[in-house]
Amino acid sequence: DTAVSQTPKYLVTQMGNDKSIKCEQNLGHDTMYWYKQDSKKFLKIMFSYNNKELIINETVPNRFSPKSPDKAHLNLHINSLELGDSAVYFCASSPPGRTGGSTEAFFGQGTRLTVV
Amino acid sequence: AQKITQTQPGMFVQEKEAVTLDCTYDTSDPSYGLFWYKQPSSGEMIFLIYQGSYDQQNATEGRYSLNFQKARKSANLVISASQLGDSAMYFCAMSLRGAQKLVFGQGTRLTINP
């Protein structure tokens, strides 16, 4: 029933570890995203994929590597985790744009990553 | 470049009153969309309402309406008859046509008092 689901919901890990967050959407959307929400609640795009192809990479360190095995899945792998990576990571998807405009994104419930 | 500004870090409103959350945007592109999202304390992002730059009428969704003033580049969210469950962070966002990303404002924390 869930539209955009991501796992895990919480992730606590030590500095230097590698971790992955998984995301799946059952809405049939072509476009998927990763957003990061920092401790001040500011949301910023990290990556955007359209039909498994990377469209946007917003100056994210290359320790972050998204992977889209098919258009329903977009996973995020993070190498060598740092304290500053602690944040909430949201996966989202969106349908094709509305005529003359753009389109909303549907968000997963978020993954709260804490690096200790 | 796109920019969204929400100038109210926090708002406190009595239950059943109407509330207006401010949002101004900056873009030179004529085709764009404006969005409002709600983030309750549980953390999920809930889409509320959308306004396209070419839409002639202000968008409405139930108790939510968007006061779109194109010349002023503002897209304020109006919540009528506020309820305790409206207490949350509210984010204004913009997307340019074909840009495939949302740019968010800083958010406004709305607290509804009984």
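The values are calculated or read from the model by the stated rules, or taken from the named source; none is laboratory data. The structure displayed is predicted, hence computed values, not measured ones. When we count neighbours, we look across all protein chains shown, and the Cβ atoms used for this are built from the backbone with ideal geometry, even at glycine.
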Of the numbered conditions (1) within 13 Å of chain B (Cβ to nearest Cβ); (2) of a type in the set (S, T, N, Q); (3) surrounded by 19 or more Cβ atoms within 10 Å (Cβ to Cβ), residue A:25 satisfies every one except a single condition; which is it?
(1)
What are the pairs with Cβ atoms under 6 angstrom where one residue, in the range B:87-110, is at positive phi and the other, located anywhere, is among the hydroxyl-bearing types (Ser, Thr, Tyr)? Sequence gap at least six, or different chains.
B:100/A:31; B:100/A:48
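Being out of contact with any Pro (no Cβ under 9 Å at 6 or more places or on another chain) and buried (at least 17 other Cβ atoms within 10 Å of the Cβ) is true for just one of A:42, A:47, A:64. Which residue is that? Steps first, please.
Numbers: A:42 fails: buried (at least 17 other Cβ atoms within 10 Å of the Cβ); A:47 fails: out of contact with any Pro (no Cβ under 9 Å at 6 or more places or on another chain).
On inspection, the qualifying residue turns out to be A:64.
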For the range B:11-37, which positions are under 30 Å from residue A:111 (Cβ atoms) and within 11 Å of chain A (Cβ to nearest Cβ)?
B:32, B:33, B:34, B:35, B:36, B:37
Filter the range B:39-63 down to residues that are of a type in the set (Gly, Ala, Ser) and buried (at least 19 other Cβ atoms within 10 Å of the Cβ) and give me whichever is nearest to the other protein chains (Cβ to nearest Cβ).
B:52
Residue A:21 vs. criteria at pLDDT below 95, part of a strand (DSSP E or B) and closer than 28 Å to residue A:115 by Cβ
no
Can you name the residue in the range B:91-114 that is part of a strand (DSSP E or B) and more than 19 Å from residue A:45 (Cβ to Cβ) and is also nearest to the other protein chains (Cβ to nearest Cβ) among such residues?
B:109
Pairs, please: C-beta under 9 Å, at least 6 apart or cross-chain, first residue under 15 Å from residue B:30 (Cα atoms) and more than 8 Å from chain B (Cβ to nearest Cβ) and in the range A:91-108, second modelled with pLDDT of 90 or more and not in a loop (DSSP other than H, G, I, E, B)?
A:99/B:52
Can you tell me which residue in the range B:81-114 is surrounded by the fewest Cβ atoms within 10 Å (Cβ to Cβ), limited to those that are more than 12 Å from the chain's Cα centre (by Cα) and of a type in the set (Ser, Thr, Tyr)?
B:111
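Is it fair to say residue B:78 is under 14 Å from the mean Cα position of the chain (by Cα), at pLDDT below 95 and of a type in the set (A, V, I, L, M)? Full working, then the answer.
On the way: under 14 Å from the mean Cα position of the chain (by Cα): yes; at pLDDT below 95: no; of a type in the set (A, V, I, L, M): yes.
Considered against the rule, which asks whether it is under 14 Å from the mean Cα position of the chain (by Cα), at pLDDT below 95 and of a type in the set (A, V, I, L, M), residue B:78 comes out as no.
Rundown of residues vs (1) without any contact (Cβ under 8 Å) to a residue 12 or more places away in the chain; (2) in a strand (DSSP E or B); (3) over 26 Å from residue A:58 (Cβ atoms); (4) out of contact with any helix residue (DSSP H, G or I) (no Cβ under 7 Å at 6 or more places or on another chain), yes/no style:
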{"residue": "B:8", "(1), (2), (3), (4)": "no, no, yes, yes"}
{"residue": "B:17", "(1), (2), (3), (4)": "no, no, yes, yes"}
{"residue": "B:25", "(1), (2), (3), (4)": "no, yes, no, yes"}
{"residue": "B:37", "(1), (2), (3), (4)": "no, yes, no, yes"}
{"residue": "B:51", "(1), (2), (3), (4)": "no, yes, no, yes"}
{"residue": "B:68", "(1), (2), (3), (4)": "no, yes, yes, yes"}
Subset of the range B:1-23, residues under 12 Å from the mean Cα position of the chain (by Cα) and not polar (S, T, N, Q), comes to B:4, B:19, B:21, B:22, B:23
Name the residue that is nearest to the other protein chains (Cβ to nearest Cβ), counting only residues in the range A:44-74 that are in a strand (DSSP E or B) and of a type in the set (Ser, Thr, Tyr).
A:48
